[in-house]
Every structure is written in structure tokens, then in C-alpha cells.
């Protein structure tokens, strides 16, 4: 008899606890984190050069995915990004942040960041670190090997010798220099001149285009174009 009484008591307590739990509501804030995709393809960093991306204008836009941890909102909700103190890029000079609103019923967005082609980027790389900021609506979301609380963006207008420039490229375009590569990108509007990407007729067409551009430069300026080593650029 006592065993039945104890069993009845335990069941009553459990049922009472379940009934109370039915009224529990979750008031925890949703989380946001940067995640892989779009222009953020390898880790938490983006290296961007206006030259090697063959950008013709004075600005460009990169797209960075931001993911939601939690329940999608039923209306658009503002969130906040923090420019870290370690950043050397200046807002309004090297970049612009766009409106920070997470749309209703979405779990990921591609957030646009406008990069500005400031003249100092020719000589110096500027660094921008963005972080998810704590707000009334959002906190930092779940983090993993492909989800980050912050991202780093290196912005420049410089060129470096690409890994694909080898013996074949030396043969077609002559010895490499940063000045020559910058000139090639500006004239042709592409950044990859490798023999694995371009076929032979395309290489010949670009060679003739570059030679004509060099002749035109010399005609207009009364002297040949030189690179950063004061060597005459030839193709």
C-alpha cells in the first residue's frame, strides 16, 4: 500500500512539473555570426586589391554572409556592427557600411560592404576588422570553424606577382614587374593572363593590344612607360 502511495506522489509531482513547463517562454536573444560564402571563402579574412580585381571605378562592393542563430523574426530588425579599434581603414575614406537590418523570416543574409579606392591604397594596405556588436535584439551567435564573431578585410590598390606567372608568361609578356602587371590589368580589364586560362589566340590578341597601348602612351607622353624599377615596360 505504501509503495502505491509513493508512486502516486511521484507521478503527481512529475505531472505538475510538466504542466508548469508548458508555460515557459524563451526570451533569450537571437545570435548573429559571420559565416563562409559569397566573398568570404577561406576563414575569417578577405584580401582585396582594386588592381587585381580589375576594378575600373573608384569603389567596389564585397558581400559577407551573416547567419542567424535562433528563431527568425517576424519583422525586419536592426543589428549593429562594430569597427574594431585595431582597424587602420577609415570609414568614409576606405569603406562604407550599409544599412544593418536583418530581414524577417531569414536565417542568412549577404551583407554589402562598400570599399573606396583612396589614393593612399597604392602605397599602403589598410586593415578593417568588423565584429558583431551586442544590442537589445542580438548577441554573438554560435561560433565554429566556419562561423566567426568578427572578420578581417585587407584593402589595397597594389599588385604582387601572381603565383601563375611563370616561364610561359615571361615568354609571352616579358619579365615580370609590378608596373607591367598593373598596366596589363588597366588596359585589358582582366587580372589572370595565365596560359592555363587564356588560349593561344587570346594571348596573341592581348599582346597586340598591350603593344598598341604602350606605343600610344609613348606618343602622348614623349617617353616610354617605365615600371617601379625605372625599367622600360615592353611586351
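Just so you know, all these numbers are worked out from the coordinates, no wet-lab data involved. All of these numbers come straight from a predicted model, not from anything done at the bench. Positions of Cβ are generated from backbone atoms using ideal geometry, with glycine treated the same way; all protein chains shown enter the neighbour counts.
How high is the FRET efficiency between residue 191 and residue 127 when r is their beta carbon distance and R₀ equals 22 Å, given to the nearest 0.05? E(calc), rounded to 0.05, equals 0.50. Counting beta carbons within 10 Å around each of 182, 226 and listing the fewest first gives the order 226, 182.
Dividing the Cα radius of gyration of the stretch 30-156 by its Kirkwood radius returns 0.98 for Rg/Rh.
For the chain, the longest principal axis of the C-alpha atoms and the axis of helix 2-21 are separated by about 40°. Of 135, 156, 49, the residue with the greatest mean-square motion in the GNM of the chain, using alpha carbon springs below 10 Å, is 135.
Taking the chain as a Gaussian network, where each spring joins two C-alpha atoms under 10 Å apart, which residue of 43, 222, 189 fluctuates the most? Maximum fluctuation in the GNM of the chain, among the listed residues, is at 222. Cβ-to-Cβ counts within 10 Å put 76, 136 in ascending order as 136, 76, the fewest first. Name the residue, out of 35, 108, 98, whose mean-square fluctuation peaks in a Gaussian network model built on the chain with Cα pairs under 10 Å. Of 35, 108, 98, the Gaussian network model singles out 98 as fluctuating most. Stretched out straight at 0.36 nm per residue, the stretch from residue 61 to residue 47 would grow longer than its current Cα-Cα span by 3.7 nm.
This ranking places 217, 181, 173 by how few other beta-carbon atoms lie within 10 Å of each, fewest first, which gives 217, 173, 181. With 0.36 nm allotted per residue and the present C-alpha distance subtracted, the residue 215-residue 170 stretch has 14.2 nm of extension available. Of the labelled options (i) 25, 24, 18; (ii) 88, 19, 11; (iii) 58, 19, 14, which one gives semi-axes √(5λ) of the Cα gyration tensor in Å as computed for this structure? Answer label, from the structure shown: (iii). The smallest convex shape that holds all Cα atoms of the stretch 96-194, its convex hull, gives 164 Å³ per residue. Shape analysis of the stretch 167-221 based on the Cα gyration tensor places the equivalent ellipsoid semi-axes at 19, 12, 10 Å, largest first.
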